1. For residues that are farther than 21 Å from Leu148 by Cα and hydroxyl-bearing (Ser, Thr, Tyr), scanning just the stretch 190-223, find the one that is surrounded by the most Cβ atoms within 10 Å (Cβ to Cβ).
2. Conditions first: (1) in a loop (DSSP other than H, G, I, E, B); (2) within 16 Å of the ligand (Cβ to nearest atom). Val259 passes all but one, so which condition is the exception?
3. When you go through Ser183, Ser114, Ser106, Ser170 one by one, which is the residue that is among the polar types (S, T, N, Q) and surrounded by fewer than 19 Cβ atoms within 10 Å (Cβ to Cβ)?
4. Output the residues belonging to the stretch 221-235 that are within 16 Å of the ligand (Cβ to nearest atom) and of a type outside the set (Phe, Trp, Tyr).
5. What single numbered condition from (1) within 16 Å of the ligand (Cβ to nearest atom); (2) under 21 Å from Leu214 (Cα atoms); (3) of a type outside the set (A, V, I, L, M); (4) not in a loop (DSSP other than H, G, I, E, B) fails to hold for Asn123?
6. For the stretch 227-254, how many residues meet the condition of being farther than 15 Å from Asp158 by Cβ and in a loop (DSSP other than H, G, I, E, B)?
7. Quick one: count up the residues across the stretch 262-290 that are farther than 30 Å from Val20 by Cβ and outside any loop (DSSP other than H, G, I, E, B).
Amino acid sequence: MRQDHLISATQLSRADIEAVLDRAAEIDADPTAWQERHAGSVLGLCFFEPSTRTRMSFDTAMKRLGGQTVDMGSVESTSVKKGETLADTMRVVEGYADALVLRHPSEGSAKMASEFVDVPLVNAGDGAGQHPTQTLLDLYTMRENAGLDDITVGIMGDLKYGRTVHSLASALTNFDVRQHFISPESLRLPRNVRYDLHDSGAQVREHTELEAVLAELDVLYVTRIQRERFPDENEYRKVAGEYQIDTDDLDAAKESLTVMHPLPRVDEIAPAVDDTDQAKYFEQAHNGVPVRMALLDMLLDDTGGAQ
Ligand code: NCD
């Protein structure tokens, strides 16, 4: 990795991505070989927003590398409740850990926090901004199932507030991937993300109906409507439940289609789809461990962390 902090997927070159994915594959092939590698290192987990997969897979990843974790716990139990600023909290916590993972509801918070700390800081989701480590495990899953070049990917759902979408779309510009975005008009990709994609020469098309592109897709990446980010609950209700897939919808898709979702799902994917060979979202969630092990291994090595 060229940079110590991982804040945005826009930092990642194709070589960076491939280095992480290759190491994750090595780890996956023989996980026990890595179990002493970072003995003595500590990872700080700072989650200011709910998390199951990201928090637990970082925790597991660090422990499987032989290291330990310190978890800030819920915001209710911390000095944030006494009015402490994010910058102060992070400056204190960096003294307890060799690397930090931060999730926070404000877009830009990870970038800001990274300016106050010297240990590597990983953005585990900043509001509707970015979620680059989710992207790494998404790409790992895609590479295993569909390859990463000369493929057609459809990204569907909440493209406006979905941070996993923003990170994934930008990372995919490093590969020979045709990107189709499917959403209601009100949840289109944010303008800045669209501009960046066009700037990088990506092949991008937008649609309001999945039927328009489904048959062409090698990967369908479904996302949850991010209810918690809507300023107005009525606006959420207008679009809730609009973009759902069931097994019937997949009749028109390639048999080799890979269906992905960063999870948690609400009702975007009917449970019956789970039993199809196309469903890869649980495998995708499990890939969070080897991919985050690979990333932590590289970040800790770069900063001379314990080995
Ligand atoms: C995602 C997130 O937090 O952005 N979850 C995750 O990390 N897998 C997606 C979501 O919450 O919809």
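The values are calculated or read from the model by the stated rules, or taken from the named source; none is laboratory data. Values in this document were obtained by computation on a predicted structure and should not be read as measured data. All Cβ positions, glycine included, derive from the backbone under ideal geometry; neighbour counts span all protein chains shown. What goes into the accessible areas is simple: the full protein's heavy atoms, side chains included, and nothing from ligands, DNA or RNA. Shrake-Rupley method; radii C 1.70, N 1.55, O 1.52, S 1.80 Å.
1. Thr208
2. In the conditions (1) in a loop (DSSP other than H, G, I, E, B); (2) within 16 Å of the ligand (Cβ to nearest atom), Val259 misses (1) alone.
3. The match here is Ser106.
4. Of everything in the stretch 221-235, those that are within 16 Å of the ligand (Cβ to nearest atom) and of a type outside the set (Phe, Trp, Tyr) turn out to be Val222, Thr223, Arg224, Ile225, Gln226, Arg227, Glu228, Arg229.
5. Checking Asn123 against (1) within 16 Å of the ligand (Cβ to nearest atom); (2) under 21 Å from Leu214 (Cα atoms); (3) of a type outside the set (A, V, I, L, M); (4) not in a loop (DSSP other than H, G, I, E, B), the one that fails is (2).
6. The number of residues fulfilling the criteria is 5.
7. So the answer is 3.
Yes/no per residue for (1) part of a helix (DSSP H, G or I); (2) surrounded by fewer than 16 Cβ atoms within 10 Å (Cβ to Cβ):
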site	(1), (2)
Asp16	yes, no
Leu21	yes, no
Ala25	yes, yes
Ala33	yes, yes
Arg37	no, no
Leu43	no, no
